[in-house]
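Participant: Take this structure, written in structure tokens, and hold onto it; I'll ask about it next.
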Amino acid sequence: MKTILAAALALTLLMPAAHAKDAKEPDAAALYAQHCAECHGAGRLGGTGPALLPENLRRLRKSRAADVIAKGRVSTQMPAFGDTLSEAEIAALVKYIYTPLPSMPVWGEKEIRASRHIPVDVDYSVTRPQFNADPLNLFVVVESGDHHVSILDGDTFERLARFRSRYALHGGPKFTPDGRYVFFASRDGWVTKYDLYTLDVVAEVRAGINTRNIAISHDGSVIAVANYLPHTLVLLDARDLSLKHIIPVRAANGETSRVSAVYQARPRKSLVVALKDVPEVWEIPDPDAEQPTIRRIAVPEPVDDFFFDPSYDHLLGAARGAHKGALVLNMNTGKVVAHIPLPGLPHLGSGITWTWQGRPVMATPHLGEGRISIIAMDTWEVIKTLKTPGPGFFLRSHEKTPYAWADVFFGPNKDKMLVIDKRTLKIVKVLNYAPGKTVAHVEFDRHGKYALISVWEMDGAVLVVDANTFKVVKRIPMKKPVGKYNVYNKITFSEGTSH
Ligand code: DHE
């Protein structure tokens with residue numbers, strides 16, 4: 001008996017040591033519940049703060065996430081936890097928020113409807129802008145550095161407004177056909193409607209947990225939201241962002257899928273949707289109908305980046321990781337009519353078109369290689385490959401300029417901007433406006449006289465450059481300006497810009 005008691009005592013004495021070892025492994029779930037859940041949501045789906053899921057954090061390096069937890073984030077409500085949490089606890093939290101959820105989060109009718117709010121009612125008595133500027137020559141600039149949007153007068157380049165956006169807006173904002181309203185999407189699924197006449201946010205709704213992009217129907221009545229999480233395509237009433245339909249994204253074989261992107265096919269008056277995980281492209285010819293129709297088009301492989309020819313009769317699509325090139329889908333017959341060999345990850349979504357020697361051509365940068373491919377859209381042949389000093393992200397031009405501008409986003413030449421002569425298909429200038437800094441994404445004013453370029457830094461700027469002399473005429477300080485969008489170029493579907 002004595003021996004048993006002694007053994008039990010010895011075991012008890014040993015226990016704290018074992019516990020002490022356990023105590024070194026911080027309980028990340030408990031830490032999250034205590035410090036993060038209030039703002040980021042108990043299920044990590046977001047709240048006043050952004051969603052903390054690997055899908056939503058893809059653009060944030062883990063080391064940067066640890067830094068944000070320790071030091072907080074300036075000009076947001078994110079506090080610094082460096083004095084409260086140990087390094088090990090911060091590391092455990094980082095690991096936790098980059099761990100996928102065990103099952104697909106629910107974001108359905110109840111959640112979408114509950115999230116909608118109207119900060120300011122639209123003033124329908126207002127029929128013209130409440131400021132003195134050409135409303136069709138405004139620029140909307142997304143500043144991702146501190147999550148704001150600036151509205152610029154495209155003639156004087158004065159800032160008319162600056163407002164806080166949702167966290168991490170991404171992709172092209174979409175405009176109503178008259179140019180009065182603009183809609184933004186955030187990676188966290190928030191859709192924001194902004195009135196460019198009164199300079200007010202007039203509606204917001206969260207349509208998903210992780211969103212790819214949005215499209216507006218040809219008549220401006222419906223906003224379509226393409227989601228990764230959950231697997232849905234959400235249709236909203238563009239007047240007040242109220243929910244119209246949640247379309248579960250399920251392929252003919254029953255598999256569900258993320259949505260690669262949704263675009264408006266203006267001449268067809270339809271929406272085109274590409275699925276990321278299954279080889280199907282959808283066309284919705286009647287997005288405004290009581291029960292929208294889905295036309296399923298089978299494709300050889302899933303498409304996750306795509307582009308249309310100006311008639312929207314053809315879709316050029318590529319799987320981002322595939323390196324195989326692009327397929328050309330005839331949207332009328334639903335048949336693949338060509339394959340284009342395009343190695344090096346073409347970034348088709350950034351393509352632009354123009355007429356060269358009487359032929360319609362499109363140009364696309366490549367994300368994986370220093371090249372720009374120029375493709376004849378009558379034969380679908382690559383007619384020219386331009387070697388560039390590094391892979392680029394964006395290409396831009398305008399009907400009124402003979403030049404196309406391309407950035408060199410990745411690598412040591414990220415500060416260079418290339419000017420391509422659309423007549424000779426040659427790079428005729430290499431500009432360097434901010435040595436050592438990333439200089440990217442161009443957008444022209446409505447007249448094609450000025451090119452606006454982002455100096456992609458926290459203390460960055462938008463440079464206004466004379467498109468003929470290439471001289472900087474104005475530098476507008478901005479917090480990491482990413483995309484810039486000119487109202488006129490967008491609503492007229494200019495051949496030199498994204499649609
Ligand atoms: Fe984008 C547009 C997908 C990473 C900045 N990007 C788009 C669109 C898609 C897309 C589908 C078209 C939306 C539209 O206009 O309706 N982007 C992807 C990716 O798959 C990728 C490579 C990985 C990802 O994390 O999603 C990606 N994109 C980025 C970035 O890292 C960029 C440079 C910085 C950021 O803010 O995230 C970035 N994407 C942009 C911008 C546009 C865009 C500025 C709008 C371009 C335009 O001029 O219309």
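Participant: Only one residue in Gly448, Gly496, Gly411 is over 26 Å from Lys174 (Cβ atoms) and not aromatic (Phe, Trp, Tyr), so which one is that?
Facilitator: Step by step, each of Gly448, Gly496, Gly411 is checked, and only Gly411 is over 26 Å from Lys174 (Cβ atoms) and not aromatic (Phe, Trp, Tyr).
Participant: Which ones in the stretch 124-176 are within 16 Å of the ligand (Cβ to nearest atom), within 21 Å of Asp445 (Cβ to Cβ) and of a type in the set (D, E, K, R)?
Facilitator: Passing the criteria: Glu143, Lys174.
Participant: If I filter the stretch 429-441 for residues that are in a loop (DSSP other than H, G, I, E, B) and within 16 Å of the ligand (Cβ to nearest atom), do I get at least one hit?
Facilitator: Yes, some residue in the stretch 429-441 is in a loop (DSSP other than H, G, I, E, B) and within 16 Å of the ligand (Cβ to nearest atom).
Participant: Ok, one more. Any residue in the stretch 38-57 that is farther than 20 Å from Glu204 by Cβ sitting within a Cβ distance under 7 Å of a residue that is among the small types (Gly, Ala, Ser)? List the pairs, counting only those 6 or more apart or interchain.
Facilitator: Taking only residues 6 or more apart or on different chains, the pairs are Arg44/Ala51; Leu57/Ala65.
Participant: Can you report the number of residues in the stretch 65-90 which are under 16 Å from Ala33 (Cα atoms) and touching a residue at least 40 places away in the same chain (Cβ under 8 Å)?
Facilitator: Of the residues in that region, 4 qualify.
Participant: Oh, and also: When you scan the stretch 280-310, how many residues do you find that are away from the ligand (no atom under 16 Å from the Cβ), surrounded by 14 or more Cβ atoms within 10 Å (Cβ to Cβ) and at pLDDT below 95?
Facilitator: Number satisfying all stated conditions: 1.
Participant: Of the residues Lys71, Lys174, Lys110, only one is modelled with pLDDT under 95 and under 25 Å from Ala51 (Cβ atoms); which?
Facilitator: Just a single option satisfies the conditions, and that option is Lys71.
Participant: Kindly provide the set of residues from the stretch 166-185 that are assigned to a strand (DSSP E or B) and within 12 Å of the chain's Cα centre (by Cα), ordered by number.
Facilitator: Leu169, Lys174, Phe184, Ala185
Participant: How do the strands (runs of 3 or more DSSP E) wholly within the stretch 337-390 filter down when requiring 3 or more residues that are over 26 Å from Leu431 (Cβ atoms) and within 16 Å of the ligand (Cβ to nearest atom): which remain?
Facilitator: none
Participant: Can you pull out every residue in the stretch 167-182 that is closer than 19 Å to Thr127 by Cα and not β-branched (Val, Ile, Thr)? Lay out the reasoning, then the answer.
Facilitator: Here is the first cut: in the stretch 167-182, the ones closer than 19 Å to Thr127 by Cα are 175-182.
Correct list: Phe175, Pro177, Asp178, Gly179, Arg180, Tyr181.
Participant: Something else now. Please work out which residue is farthest from Leu57 (Cα to Cα), limiting yourself to the stretch 92-119 and to residues that are surrounded by fewer than 17 Cβ atoms within 10 Å (Cβ to Cβ) and of a type in the set (A, V, I, L, M).
Facilitator: If we take residues in the stretch 92-119 being surrounded by fewer than 17 Cβ atoms within 10 Å (Cβ to Cβ) and of a type in the set (A, V, I, L, M), then Ile118 is farthest from Leu57 (Cα to Cα).
Participant: Provide a single number: the residues in the stretch 353-397 that are within 26 Å of the chain's Cα centre (by Cα) and either modelled with pLDDT under 95 or under 11 Å from Leu342 (Cα atoms) (or both).
Facilitator: First, pick out the residues of the stretch 353-397 that are within 26 Å of the chain's Cα centre (by Cα): 353-354, 361-375, 388-397.
Okay, now just the ones that are also either modelled with pLDDT under 95 or under 11 Å from Leu342 (Cα atoms) (or both), so 364-369, 371-375.
Selection size over the stretch 353-397: 11.
Participant: While we're here: Give me a count of the residues in the stretch 191-221 that are among the hydrophobic types (A, V, I, L, M, F, W, C), more than 13 Å from the ligand (Cβ to nearest atom) and closer than 17 Å to Glu109 by Cβ.
Facilitator: Residues meeting the conditions: 3.
Participant: Picking from His347, His398, which residue would you name as being surrounded by 21 or more Cβ atoms within 10 Å (Cβ to Cβ), out of contact with any Pro (no Cβ under 8 Å at 6 or more places or on another chain) and not acidic (Asp, Glu)?
Facilitator: From the options His347, His398, the qualifying one is His398.
Participant: Identify the residue in the stretch 482-499 that is assigned to a loop (DSSP other than H, G, I, E, B) and either within 10 Å of the ligand (Cβ to nearest atom) or β-branched (Val, Ile, Thr) (or both) and, among all such residues, is surrounded by the most Cβ atoms within 10 Å (Cβ to Cβ). Can you show your working first?
Facilitator: Looking only at the stretch 482-499, we keep the residues that are assigned to a loop (DSSP other than H, G, I, E, B), and these are 492-499.
Now restrict to residues that are either within 10 Å of the ligand (Cβ to nearest atom) or β-branched (Val, Ile, Thr) (or both): 492, 497-499.
Values: Thr492: 15, Thr497: 24, Ser498: 22, His499: 20.
Residue satisfying both the conditions and the ranking: Thr497.
Participant: For the stretch 32-65, enumerate the residues that are loosely packed, with under 15 Cβ neighbours inside 10 Å and not in a loop (DSSP other than H, G, I, E, B).
Facilitator: Matches in the stretch 32-65: Ala33, Gln34, Glu38, Lys62, Ser63, Arg64.
Participant: Another question about this same structure. Is there a residue in the stretch 418-428 that is assigned to a strand (DSSP E or B), of a type outside the set (A, V, I, L, M, F, W, C) and under 25 Å from the mean Cα position of the chain (by Cα)? First the steps, then the outcome.
Facilitator: Residues of the stretch 418-428 assigned to a strand (DSSP E or B): 418-421, 426-428.
Now restrict to residues that are of a type outside the set (A, V, I, L, M, F, W, C): 421, 426.
Now drop any that are not under 25 Å from the mean Cα position of the chain (by Cα), which leaves none.
Looking for residues that are assigned to a strand (DSSP E or B), of a type outside the set (A, V, I, L, M, F, W, C) and under 25 Å from the mean Cα position of the chain (by Cα), one finds none in the stretch 418-428, hence no.
Participant: With respect to Asp188, is the statement that it is more than 16 Å from the chain's Cα centre (by Cα) and either away from the ligand (no atom under 16 Å from the Cβ) or not polar (S, T, N, Q) (or both) true?
Facilitator: When the stated conditions are applied, Asp188 does not pass them.
Participant: When only residues in the stretch 134-171 that are at pLDDT 95 or above and among the aromatic types (Phe, Trp, Tyr) count, which is surrounded by the most Cβ atoms within 10 Å (Cβ to Cβ)?
Facilitator: Phe139
The values are calculated or read from the model by the stated rules, or taken from the named source; none is laboratory data. Fair warning: this is a prediction, and the values are worked out from it, not measured in the lab. As a convention, Cβ positions derive from the backbone with ideal geometry for all residues, glycine included, and neighbour counts pool all protein chains shown.
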